[in-house]
Amino acid sequence: MNPYESIPKHPSVAPGRGGRSGSPGMSRLSTLIAVVLAWAVVLCGIAPAGAAVAQTDRPTKIVFTVLSAEGQASSGPLWQPLLDDLERELGLPVEPIFGSNYSVLVEAMRANQAQVGWFSALPAVQAIDRSKGEVIARTVDVDGKDSYVSTLIVKKGSGITVEDVARCGKRYTFGIGDAQSTSGTLAPMTYFFGPRGIDPTECFSTVRSANHQANAFSVANGQVDIATSNSVNTVFLRRQNPRIADQIEEIWQSPPIPESGIVIRSDLPADLKARIKRFFITYGQGFGPAAERQRRVMEGLNYSQFRAADNSYLDPIRQMKADQARREGRPPEVAPPASAGTLVGRWWPFALVGVLALAAVALNLAPRPAPAAADPARPPDPPRRSLAAWSLDLLLWGGLAIMLLAAFNRVDLPNIVNLFSNSENMRNYGRDFLNPDFSNWKALVGLMWLTAQIALWGTFLAVFLAVPLGLLASRNLSPAWLVWPVRRVMDLMRSIPDLVIATLFIVAVGLGPLAGVLAIGLNTAGVLAKLFSEAVESIDKGPIEGVKATGGGRLHEITWGVIPQVAPLWTSFALYRFESNSRAATVLGLIGAGGIGQALFENLQAFEYRQVSTIAIIIVVAVTLIDMLSQAMRKRLL
């Protein structure tokens, strides 16, 4: 999409009679606005223009590099099934290259001798900066984690603590990683030693450099007192050398560090890049024999999926490298995490909306020429909208269009084609839903009834709270010094997710439906209070003035002048929220707040899709009945 097409054109104004629209002042102002908008267009074009890369010819084969310390003999059988699937998907030969030296693999991609590669975090950054690389996916392990942590390990029972390490004094020996190791050197220096102003060579009696496995063995055998490691190595030791793992304990963990990712040359043809990305992010997902086989391939690699990602997920690595360069007093080896172009590309929608807002303000504050004297012999001109009025429309609708275009890629809308290309997975998933299991329907109906009761009581408590809050937050009934804090309380009540509120109440009252009732009541009270206050602000002041004229007090004004006018709307709002809460209450079962939602999530986790289908049918029927009941109540009450 051409970024310049997103700039709404300024509406033209037909020249008026009497020369008003053609006045020099208005002409200069229009020229100024046009110049400002033109500069905004130029700024919008910086990011896409800078990111444009010439397309290369379509390759006749894809070379896929794997950074592996074990080499092809060990890693080849694990990766080959995935690469075979990639070859079938692309219709191109896929040739694997395994290597333990990441600089060689990065240079191979730079020379276009490799087009796709699996890299750990730091080599991925080098591939992006040096080899026209672009991240398309990041790995997620079998536990659902897409990051790991650096650790400091000591021998179990040694009594060494983090405070002992920070005190230095050259009392201990220290094992650090290679200078280019992310978790072995960069993370400990960035997150532990650097903030404390500690130089390991000055802090410890001896500092030796080795890989994680060697450092772990040295700590377990008492050759080194303290060493760096990471959570991945801890899992590996637990599986391969439990005796060594039992002799080690962690005393410090870093913030999360990005895991490995799939990097692709950014100048590949766009359609080929899209097919490769779609292959990875959908691999092992869905249902059926093919998906099950792919999941077994992923388990061999110790992954559960490839998650869609972009270059920004590696920003923590860039920050650590920048900190390392600053400590050592040399230029950084990699680009900083947020370059000027990146910032322009990220903030241009807000900048453009700001320009439109400034233009609208300027036009509306500009002095307007006095209207010419009307000629009684001529019919008046038809009403025309001024340029200032058009500017407000441009700000409103143009701003909306800009935000929609800016969010197009962020919400992954280009991948909506997967909805049709992966229809087979959807059919496989939905097959069990066509065969519901009603063997346990009585228990499920009972749980649905409990869910409806949770929604009913939650809505009742919400109305009880919303009525006084809505009256206090109404600008035509309450003073400004009271309206503002009451409205902020209402914002807080409706902005915190139900799950968070329910978890808070579970801690206080325990698992069960009461936590769900309180969570729904608090959240719904914030919503209803806002709706109630807006209804009050739109009432006719005549009845209030009439009650006041009879000598009635403030309470009489509200009882006889306000409530009769807003009661129909309040009732409609409350019934609608009851319908919504009947559906929302099912979600609270995820955290043990009772109702049919708990059974729904338990069956989803157990892959009991026939039971899930039955629960879905019961929920649909229940919501339909509640809707019919609400309609009947509206007719009766309104």
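The values are calculated or read from the model by the stated rules, or taken from the named source; none is laboratory data. Computed from a prediction, not measured in an experiment: that's the story for all the values here. Backbone-built Cβ (ideal geometry, glycine too); neighbour counts: all protein chains shown. We work out accessible area using only protein heavy atoms, side chains counted, and drop any ligands, DNA or RNA first. Shrake-Rupley method; radii C 1.70, N 1.55, O 1.52, S 1.80 Å.
Evaluated against (1) among the aromatic types (Phe, Trp, Tyr); (2) modelled with pLDDT under 90; (3) open to solvent by less than 60 Å² (accessible area, probe 1.4 Å), residue 236 falls short on exactly one condition, (3). Of the residues that sit in segment 54-91 and are of a type in the set (Ser, Thr, Tyr) and open to solvent by less than 50 Å² (accessible area, probe 1.4 Å), which one is modelled with the lowest pLDDT? Checking each candidate, the answer is 56. Among what's in segment 175-189 and is within 13 Å of residue 211 (Cα to Cα) and open to solvent by less than 10 Å² (accessible area, probe 1.4 Å), pick the residue that is nearest to the chain's Cα centre (by Cα). In this case the residue turns out to be 183. Scanning segment 616-630 for residues that are open to solvent by less than 100 Å² (accessible area, probe 1.4 Å) and under 17 Å from residue 455 (Cα atoms) yields 618, 619, 620, 621, 622, 623, 624, 626, 627, 629, 630. When segment 128-141 is limited to residues that are under 26 Å from the mean Cα position of the chain (by Cα) and not charged (D, E, K, R), the one that is nearest to residue 186 (Cα to Cα) turns out to be 128.
Look at (1) at pLDDT 85 or above; (2) open to solvent by 20 Å² or more (accessible area, probe 1.4 Å); (3) touching a Gly at 6+ places or on another chain (Cβ under 9 Å) and you find that residue 262 fails only one, number (2). The criterion of at least 1 residues that are of a type in the set (Val, Ile, Thr) and at positive phi is met by none of the helices (runs of 4 or more DSSP H) wholly inside segment 199-274. Pairing residues of segment 533-548 that are crowded, with 19+ Cβ neighbours inside 10 Å with residues that are hydrophobic (A, V, I, L, M, F, W, C) and not in a helix (DSSP H, G or I), at Cβ distances under 7 Å and at least 6 apart in sequence or on separate chains, gives 533/473; 536/477. Of note, residue 520 does not satisfy the criterion of being more than 20 Å from residue 466 (Cβ to Cβ), surrounded by 20 or more Cβ atoms within 10 Å (Cβ to Cβ) and hydrophobic (A, V, I, L, M, F, W, C). Of all strands (runs of 3 or more DSSP E) completely enclosed by segment 56-158, which ones contain at least 1 residues that are small (Gly, Ala, Ser)? Here the list reads 94-99, 116-119, 133-141, 150-155.
Listed conditions (1) open to solvent by 40 Å² or more (accessible area, probe 1.4 Å); (2) closer than 20 Å to residue 125 by Cβ; (3) modelled with pLDDT of 85 or more are all met by residue 275, apart from (2). Within the bounds of segment 155-169, is there any residue that is of a type in the set (S, T, N, Q), open to solvent by less than 40 Å² (accessible area, probe 1.4 Å) and either touching a residue at least 24 places away in the same chain (Cβ under 8 Å) or touching a Pro at 6+ places or on another chain (Cβ under 7 Å) (or both)? Looking for residues that are of a type in the set (S, T, N, Q), open to solvent by less than 40 Å² (accessible area, probe 1.4 Å) and either touching a residue at least 24 places away in the same chain (Cβ under 8 Å) or touching a Pro at 6+ places or on another chain (Cβ under 7 Å) (or both), one finds none in segment 155-169, hence no. With respect to being open to solvent by 20 Å² or more (accessible area, probe 1.4 Å), on the phi > 0 side of the Ramachandran plot and under 32 Å from the mean Cα position of the chain (by Cα), residue 144 fits the description. Candidates 323, 375: the one that is farther than 30 Å from residue 143 by Cα and either in contact with an Asp or Glu (Cβ under 6 Å, 6 or more places away or on another chain) or modelled with pLDDT of 75 or more (or both) is 323. In the set (1) over 30 Å from residue 598 (Cα atoms); (2) at pLDDT 85 or above, the condition left unmet by residue 477 is number (2).
Only one of the numbered conditions (1) among the charged types (D, E, K, R); (2) under 15 Å from residue 462 (Cα atoms); (3) free of Cβ contacts under 8 Å to residues at least 24 places away in the same chain is violated by residue 498, and that is (3). Consider residue 201 carefully, then state whether it is polar (S, T, N, Q), within 23 Å of residue 320 (Cβ to Cβ) and surrounded by 13 or more Cβ atoms within 10 Å (Cβ to Cβ). Answer is no for this residue.
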